[in-house]
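Colleague: The structure under discussion is supplied below as structure tokens; questions concerning it will follow.
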Amino acid sequence: DAGAGLCDEEAVRTIVEAAPESIAELVKHGVDFDKEPDGDFSLGKEGGHSHRRILHAKDTTGKEIADSLLAAARAHEKIDLLEDHFAVDLITTAKVGMATGEDCCIGLYALDEWGDHHIPLRPGGSLHWRERPSLPLHDES
């Protein structure tokens, strides 16, 4: 009865089947999920769930995942992080007519200058980046 008939069964099946590998990948990149004394994951039960199945990292799961993946990206020799840039579009092999058999990202178009008006994006949650609203700044004069 999970999902009360509102879920796309194929999508749910795909996500559930990929979960163990995805969790292992997150752990490999340093995400420190809560554990029981015996070393097993400490699973939480939320909302209408009938079983314990939710992983947490203390009370800052999103921040833990973001910090770990960002550290892994910074350490990767083939990833360049562009801080204070805005990605406009990805350059893919399909967009530039390269026949590789698989559409792969090979670059991006990014803005590195904002000018006087910009839209700062500030995610909520445990990251607490909400110093100002995520709306364009307007001159009211």
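Colleague: What do you reckon, is Ala99 of a type in the set (Gly, Ala, Ser), open to solvent by 80 Å² or more (accessible area, probe 1.4 Å) and more than 19 Å from the chain's Cα centre (by Cα)? Walk me through how you get there before you give the answer.
Modeller: On the way: of a type in the set (Gly, Ala, Ser): yes; open to solvent by 80 Å² or more (accessible area, probe 1.4 Å): yes; more than 19 Å from the chain's Cα centre (by Cα): yes.
Here the answer is yes, as Ala99 does meet what is asked.
Colleague: Would you confirm whether any residue within region 14-35 is within 25 Å of Gly107 (Cα to Cα), open to solvent by less than 90 Å² (accessible area, probe 1.4 Å) and touching a Gly at 6+ places or on another chain (Cβ under 6 Å)?
Modeller: No, region 14-35 has no match at all.
Colleague: Within region 102-127, take every residue that is modelled with pLDDT under 75 and open to solvent by 80 Å² or more (accessible area, probe 1.4 Å) and give me the one that is farthest from Glu64 (Cα to Cα). First the steps, then the outcome.
Modeller: Initially, region 102-127 is screened for residues modelled with pLDDT under 75, giving 113-127.
So of that shortlist, the ones also open to solvent by 80 Å² or more (accessible area, probe 1.4 Å) come out as 113-114, 116-117, 119, 121.
Values: Glu113: 30, Trp114: 30, Asp116: 34, His117: 32, Ile119: 26, Leu121: 20 Å.
Restricting to residues being modelled with pLDDT under 75 and open to solvent by 80 Å² or more (accessible area, probe 1.4 Å), the top hit is Asp116.
Colleague: A follow-up question, please. Residues in region 36-83 that are in contact (Cβ under 8 Å) with a residue 24 or more places away in the chain, open to solvent by 80 Å² or more (accessible area, probe 1.4 Å) and touching a strand residue (DSSP E or B) at 6+ places or on another chain (Cβ under 7 Å): how many?
Modeller: Total satisfying the criteria: 1.
The values are calculated or read from the model by the stated rules, or taken from the named source; none is laboratory data. Not measured: the values here are computed from a predicted model. Methodologically, a virtual Cβ is constructed for each residue, glycine included, from the backbone with ideal geometry; neighbour enumeration extends over all protein chains shown. Each accessible area value is taken on the protein alone, full model and side chains, heavy atoms only, with ligands, DNA and RNA left out. Shrake-Rupley method; radii C 1.70, N 1.55, O 1.52, S 1.80 Å.
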